């Protein structure tokens, strides 16, 4: 079953809006951003628009009578998907650089150097 279908069913069951938003951030948004650092830079505009469409559709389910931008502000989703992917990618790169710098100090010693010590 689709996550959006399940969200619609929750909406029909009169689940509170904050719970619907929690469902969105934990179930839908995580899928939209899953493993984005490797594929974000190669994302085409068309694919990016598809991701944005899913978010718009989800927000429309949660806030059926409000405008998209207003709903984002009310929901506390200030960052656009693209901006969030940029931030996640930057964090990923910083972590990788830190790991590479740390790995330099963990290199095994050459046997020739070991014998000299």
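The values are calculated or read from the model by the stated rules, or taken from the named source; none is laboratory data. As the structure is a computational prediction, the values presented were derived from the model and not from experiment. Virtual Cβ from ideal backbone geometry, glycine too; neighbours counted across all protein chains shown.
Does residue 86 satisfy the criteria of being in contact with a helix residue (DSSP H, G or I) (Cβ under 9 Å, 6 or more places away or on another chain), assigned to a loop (DSSP other than H, G, I, E, B) and either surrounded by 10 or more Cβ atoms within 10 Å (Cβ to Cβ) or modelled with pLDDT under 85 (or both)?
Working: in contact with a helix residue (DSSP H, G or I) (Cβ under 9 Å, 6 or more places away or on another chain): yes; assigned to a loop (DSSP other than H, G, I, E, B): no; either surrounded by 10 or more Cβ atoms within 10 Å (Cβ to Cβ) or modelled with pLDDT under 85 (or both): yes.
The answer is no for residue 86.
Might you check whether a residue that is under 19 Å from residue 3 (Cβ atoms), at pLDDT 75 or above, within 17 Å of the chain's Cα centre (by Cα) and outside any helix (DSSP H, G or I) occurs anywhere in segment 20-28?
Of the residues in segment 20-28, the ones under 19 Å from residue 3 (Cβ atoms) are 20-28.
Checking which are at pLDDT 75 or above leaves us with 20-28.
Next, from what is left, pick out any that are within 17 Å of the chain's Cα centre (by Cα): 21-28.
Add one more test, that the residue is outside any helix (DSSP H, G or I), and what stays is none.
No: segment 20-28 contains no residue that is under 19 Å from residue 3 (Cβ atoms), at pLDDT 75 or above, within 17 Å of the chain's Cα centre (by Cα) and outside any helix (DSSP H, G or I).
What number of residues within segment 49-76 are assigned to a loop (DSSP other than H, G, I, E, B) and exposed (fewer than 15 other Cβ atoms within 10 Å of the Cβ)?
Taking segment 49-76 first, the residues assigned to a loop (DSSP other than H, G, I, E, B) are 63-67, 76.
Of the ones still in play, those that are also exposed (fewer than 15 other Cβ atoms within 10 Å of the Cβ) are 64-65, 67, 76.
Residues that pass the stated criteria total 4.
Kindly indicate whether residue 78 is within 22 Å of the chain's Cα centre (by Cα) and modelled with pLDDT of 80 or more. Write out each step before concluding.
Working: within 22 Å of the chain's Cα centre (by Cα): yes; modelled with pLDDT of 80 or more: no.
In short, no.
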Item to complete: For residue 46, state whether it is at pLDDT below 70 and either in a helix (DSSP H, G or I) or surrounded by fewer than 13 Cβ atoms within 10 Å (Cβ to Cβ) (or both).
Response: no
